[in-house]
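Chemist: This is the structure, below, for whatever I ask next.
Rule-based calculations on the coordinates, nothing more; no lab input. The structure presented is a predicted model; accordingly, all values stated were derived computationally and were not measured. Every residue, glycine among them, receives a Cβ derived from its backbone with ideal geometry; neighbour counts consider all protein chains shown.
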Amino acid sequence: MRQNRPVVTSPMCEGSTAALRLIRPASVRSVRAAIRVLIAGAALAAVAPPILAAQSSSVLPSPRAAEAAALYDLWAGEQLSYNGVPGVVVGVVSRDGLVWAKGYGTTNLAGGVTPTPSTRFRIGSVSKVFTATAILQLRDAGKLRLDDPVVKHLPWFKVPSPFPTAPPITVEHLLTHTSGLSREAPFDAWTTHQFPTREELRASMPRVTVISPPGKTYRYSNLGVALLGEIVIAASGESWAGYVRTHITGPLGMTSTTGAPTAAEIGALPRQHRRKQADGSRGTLDYYETGAIAPAAAIVSTLEDLARFAAFELTADPAGAPAGGAQVLSGPTLAEMQRPHFVNAKWTGGRGLGWGISRRDGRTLVSHGGWIGGHRADVILDPDRGLAAVALTNADDASPGLFARQALAVVGGAVVASEAGPAAAPVSPDPGWKRYLGTYTDPWDWEIEVLVLDGSLVLYEHGYPPEADAEESVSRLTPAGEHIFKLPDGETLRFELDAAGKVTRMYRRSDYYLPKAGVRE
């Protein structure tokens, strides 16, 4: 579905709420002083307690995870600065709830504040997962079947089809986007931002296009999910937004989530920024209602609330054990939603019931993204590891999926490693390395960060453009003598110190870098 994009702050969260500290990186360089403190404290926890005390056990489970969070900070700051993204808020979730969350940037380039996990955003097509959840609830309650023809619940659903021998379009076809229907109803709504009413949607059925036989081809369809919303209304006797609130978001404690935001809630949303132009400027967008397409696009939520939803989704259990939370769905039903019901021709991914399913780096991920009117969102589940990541942004050309995937890989990976027990713990860093930490620069503004990661001294080389994968910027060093280390390619990195023991130069091969003024102690 077409939608729009996002913002960032730096709150570390206790459980799923308390924001402990905010960093507002206007640029890569402005974030480094804060990162320098975090690295010196959290990365060398064996030397001194972390600066962010609440980050220890109740938020991030180990110094290793804190080191990973510091690496993520460097990477995220680069992404915002280089790409001019207004802001992003991102979090990592376990089955127990929100483990770590942080915001970067601003809610408004014209003068906003750093977003936090409690900042509301439009989540666009992530709304579709809530509509799918409603359908599965009604199925489990015996009010519909997935193989029901749509017309059984919506007698007005009479669309002309060029496939007279094809089977009828079913509820499951709509859930998996395999109905054969066109992506949109016959309205120019994404151009005009004037969306059809429910009555206008019904009246448009004779003009709807069926492009392929049901069940044969995947074709993403906002129209199809709008019809699912109509089925929720018909089967429950409640409004779509009211049903979602009463039966899904309310029981899960998602008190800041709604499919029918008030004028005050709309006015408090982060500014919706259009894509960046060649001269660096960005226009803005005004909020618009989505009418009959609301079940595919209308929900407003926060990272905290979506973390509650993701934690609930991670309780899926096909063996029959009950799901956690408020029993919104059973464990087996959650697992049913997250397994493939339609696989693409290359066997690299497919569709669950409401969710997309993909393979990445040997893992099966369950996810859904959203984009509407200058806001973008992404929710990614890694069921095998019991982790999820959520990212919300406020710009049309931001990529919440990129921020969420890296949070899952960098911070989530460290959380999993920390939970694996003492055998998986990294070797404690040498306390003497503390003198090396910080930012180094050459005369031409190229910068290298020295930090500790997984108990090793590493270089983080700032890239222009920055790497999409934070690990691609990391070079691990091997001690080779007093103030001397080996680079991964076997060449030498050496620190030169003055009589007081402070670093004056860092030599990488034959070239040197100077400690950046104002950053090092």
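Chemist: Work through the residues other than Ser212 whose Cβ is under 13 Å from its Cβ and net out their charges, Lys, Arg +1 and Asp, Glu -1.
Modeler: Numbers: positive: Arg183, Lys216, Arg219; negative: none.
With Lys, Arg at +1 and Asp, Glu at -1, the net is +3.
Chemist: What dipole magnitude, in Debye to the nearest 20, does region 163-237 give about its Cα centre under +1 on Lys/Arg Cβ and -1 on Asp/Glu Cβ? Don't skip to the answer; put the middle values down first.
Modeler: Details: 6 positive and 6 negative charges, 38 e Å.
Once rounded to the nearest 20, the dipole reads 180 debye.
Chemist: Can you tell me which of 97-108, 148-159 comes out highest on packing, and rank the rest after it, using the mean Cβ neighbours within 10 Å?
Modeler: Details: 97-108: 26.0, 148-159: 15.6.
Packing proxy ranking, top to bottom: 97-108, 148-159.
Chemist: When only alpha-carbon atoms are used, what values of Rg and Dmax, in angstrom, describe region 274-355?
Modeler: Cα-based Rg and Dmax for region 274-355 come out at 18.4, 57 Å.
Chemist: Related question: Taking all pairs of distinct Cα atoms, average 1/r, flip it, and tell me the Kirkwood hydrodynamic radius of region 247-298 in Å to one decimal place. Don't skip to the end; give the middle numbers.
Modeler: On the way: mean 1/r = 0.0741 Å⁻¹.
It works out to 13.5 Å.
Chemist: Now a separate question. How much length is gained on full extension from Val427 to Arg476, taking 0.36 nm per residue of separation minus their Cα-Cα distance?
Modeler: 16.3 nm
Chemist: By counting other Cβ atoms within 10 Å of each Cβ, how are Met205, Met337 ranked from fewest to most?
Modeler: Working: Met205 16, Met337 22.
Final ranking by Cβ density, sparse to dense: Met205, Met337.
Chemist: At what distance in nm do the modelled label points of Thr492 and Glu265 sit from each other, each positioned 7 Å from its Cα along Cα→Cβ?
Modeler: Calculated label separation equals 6.4 nm.
Chemist: If region 239-388 were replaced by its equivalent ellipsoid, with semi-axes equal to the square roots of 5 times the Cα gyration tensor eigenvalues, what would those be, largest first, whole Å? Kindly include the intermediate steps, with their values, before the conclusion.
Modeler: Working: eigenvalues 170, 94, 36 Å².
Value: 29, 22, 13 Å, ordered largest first.
Chemist: Hey, another quick one. Dividing the Cα radius of gyration by the Kirkwood radius, what Rg/Rh value follows for region 107-193? Working shown, then result.
Modeler: Values: Rg = 18.6 Å, Rh = 16.4 Å.
When Rh is taken as the Kirkwood radius, the ratio is 1.13.
Chemist: Can you figure out the FRET efficiency of Asp361 with Arg509, using R₀ = 35 Å and their beta-carbon distance, to the nearest 0.05? Please report the intermediate quantities before stating the final value.
Modeler: Values: r = 32 Å, r/R0 = 0.91.
With R0 = 35 Å, the Cβ-Cβ based efficiency is 0.65.
Chemist: For the chain, would you read off the P(r) tail past 30 Å as a percentage of all alpha carbon pairs?
Modeler: Values: 68350 of 135460 pairs.
So the pairs more than 30 Å apart make up 50 percent of the total in the chain.
Chemist: Can you list the residues, at least 5 places off or on another chain, whose amide H is less than 5 Å from the amide H of Gly349, using H built in the peptide plane?
Modeler: Asn344
Chemist: Apply the Karplus curve 6.51 cos²θ - 1.76 cosθ + 1.60, θ = phi - 60°, to the phi angles in region 218-235 and return the couplings in whole Hz, x for Gly and Pro.
Modeler: Per residue, the Karplus-derived 3J(HN,Hα) values read 7, 8, 4, 9, 5, 4, x, 6, 4, 5, 4, x, 5, 5, 4, 4, 5, 7 Hz.
Chemist: Between Rg and the Kirkwood Rh of region 98-141, both from Cα atoms, what is the Rg to Rh ratio?
Modeler: Details: Rg = 16.1 Å, Rh = 13.3 Å.
Rg divided by Rh gives 1.21.
Chemist: Skipping prolines and chain starts, which residues have an amide H placed within reach, meaning under 5 Å, of the one on Leu453, given they are 5 or more residues away or on another chain?
Modeler: Val458
Chemist: Using the structure shown, list the pairs from Lys158/Lys216; Lys102/Lys502; Lys276/Lys434 with a Cα-Cα distance above 28 Å, or answer none. Mind showing how you got there, number by number?
Modeler: Details: Lys158/Lys216 20 Å; Lys102/Lys502 33 Å; Lys276/Lys434 40 Å.
Among Lys158/Lys216; Lys102/Lys502; Lys276/Lys434, the Cα-Cα distance tops 28 Å for Lys102/Lys502; Lys276/Lys434.
Chemist: Amide H to amide H under 5 Å from Thr119: which residues, 5+ apart in sequence or cross-chain, H placed 1.01 Å off N in plane?
Modeler: Sorted by chain and number, the residues that satisfy this are Leu303.
Chemist: When the helices in the chain are scored as -39500 (n - 2.57) per DSSP H run of 4 or longer and the sum is shared across all residues, what 222 nm value do you end up with, to the nearest 500 deg cm²/dmol?
Modeler: Values: 15 runs with 128 residues, N = 521.
Counting only the DSSP helices, I get -7000 deg cm²/dmol.
Chemist: Can you give me the Kirkwood hydrodynamic radius for region 124-273, using every pair of distinct Cα atoms, in Å to one decimal? Could the numbers behind the result be given before it?
Modeler: Values: mean 1/r = 0.0608 Å⁻¹.
With all distinct Cα pairs of region 124-273 included, I get 16.4 Å.
Chemist: What net charge do the residues around Gly386 carry, taking every other residue with its C-beta under 10 Å from that of Gly386, with Lys and Arg at +1 and Asp and Glu at -1?
Modeler: On the way: positive: Arg95, Arg385; negative: Asp96, Asp382, Asp384, Glu419.
Cβ neighbours under 10 Å give a net charge of -2.
Chemist: Given q = 0.11, 0.16, 0.21, 0.24 Å⁻¹, what are the Debye log10 I(q)/I(0) values for region 69-161, with equal point scatterers placed on the Cα positions and solvent ignored?
Modeler: Summing over Cα pairs of region 69-161 leads to -0.59, -0.82, -1.14, -1.35.
Chemist: Going toward the positive end of the dipole of region 408-518, with +1 on Lys and Arg Cβ and -1 on Asp and Glu Cβ, which of Ala420, Ala470, Tyr440 do you reach last?
Modeler: Ranked along the dipole, the leading option is Tyr440.
Chemist: By what distance, in whole Å, do the Cα atoms of region 184-279 stretch along each of the three principal axes, largest value first?
Modeler: Computed over the Cα atoms, the extents are 49, 42, 27 Å.
Chemist: Just the ratio, please: alpha-carbon radius of gyration of region 437-521 over 2.2 N^0.38 Å, N its number of residues.
Modeler: Values: Rg = 12.6 Å, N = 85, 2.2 N^0.38 = 11.9 Å.
My calculation over the Cα atoms of region 437-521 gives 1.06.
Chemist: Let me ask something additional. Assuming R0 = 25 Å, can you tell me the calculated FRET efficiency for the pair Arg198 and Asp140, based on Cβ-Cβ distance, to the nearest 0.05? Walk me through the numbers on the way to the answer.
Modeler: Numbers: r = 26 Å, r/R0 = 1.03.
FRET efficiency, Arg198 to Asp140: 0.45.
Chemist: Using a 10 Å cut-off on Cβ atoms, rank the peptides 383-390, 407-414, 180-187 from the highest mean neighbour count down. Each step should come with its number before you reach the end.
Modeler: Details: 383-390: 22.4, 407-414: 25.8, 180-187: 20.0.
Ranked by mean Cβ neighbours within 10 Å, highest first: 407-414, 383-390, 180-187.
Chemist: Right, something else. If the chain between Thr348 and Arg275 were fully stretched, how many nm would it gain, using 0.36 nm times the residue separation less the Cα-Cα distance?
Modeler: Numbers: separation 73, 0.36 × 73 = 26.28 nm, distance 3.03 nm.
Contour length minus Cα-Cα distance gives 23.2 nm.
Chemist: Compute the FRET efficiency between Leu154 and Gln327 as 1/(1 + (r/R0)^6), taking r as their Cβ-Cβ distance and R0 = 22 Å, and round to the nearest 0.05.
Modeler: 0.15
Chemist: If you don't mind, there's one more thing I want to ask. Which whole-number percent is the relative contact order of the chain (Cα, under 8 Å, 6+ apart)? Kindly include the intermediate steps, with their values, before the conclusion.
Modeler: Numbers: 1253 pairs, mean separation 104.4, N = 521.
RCO, the chain: 20 percent.
Chemist: Moving on to the next point. Would you compute the Debye intensity of region 307-361 from its alpha-carbon atoms alone, equal scatterers and no solvent, and pass along log10 I(q)/I(0) at q = 0.23 Å⁻¹ to two decimals?
Modeler: Those come out to -0.86, one per q.
Chemist: Could you point to the residue in Pro196, Pro186, Val208 farthest towards the positive end of region 183-223's charge dipole, with +1 and -1 charges on the Cβ of Lys/Arg and Asp/Glu respectively?
Modeler: Highest projection toward the positive end goes to Val208.
Chemist: Rank Gly490, His153, Val450 by how far each Cα sits towards the positive end of the charge dipole of the chain (+1 on Lys, Arg Cβ; -1 on Asp, Glu Cβ) and give me just the farthest.
Modeler: The residue sitting most towards the positive pole is His153.
Chemist: Now, a different point. What is the helix-to-structure angle for 28-38, meaning the angle in degrees between its Cα long axis and the longest Cα principal axis of the chain, kept from 0 to 90 and rounded to the nearest 10?
Modeler: 70
Chemist: On to the next question. Take Asp317 and Tyr288, extend 7 Å from each Cα along the Cα→Cβ direction, and tell me the distance between the two endpoints in nm.
Modeler: 4.6
Chemist: While we're here: I'd like to compare 116-128, 499-511, 347-359: which one has the highest average count of other Cβ atoms within 10 Å, and what's the full order after that? Mind showing how you got there, number by number?
Modeler: Values: 116-128: 27.0, 499-511: 12.3, 347-359: 18.2.
Ranking the peptides 116-128, 499-511, 347-359 by packing returns 116-128, 347-359, 499-511.
Chemist: A follow-up question, please. Hey, any idea what the orientation-averaged projected area of the convex hull of region 272-311's Cα atoms comes to, in nm²?
Modeler: Details: hull surface 17.7 nm².
Average projection, Cα convex hull of region 272-311: 4.4 nm².
Chemist: To the nearest 20 debye, what charge dipole does the chain have about its Cα centre, counting +1 at the Cβ of each Lys and Arg and -1 at the Cβ of each Asp and Glu?
Modeler: So the dipole magnitude of the chain works out to roughly 760 debye.
Chemist: Can you give the Rg and Dmax of region 373-446 based on its C-alpha atoms, in angstrom?
Modeler: Cα radius of gyration and Dmax of region 373-446 are 17.9, 51 Å respectively.
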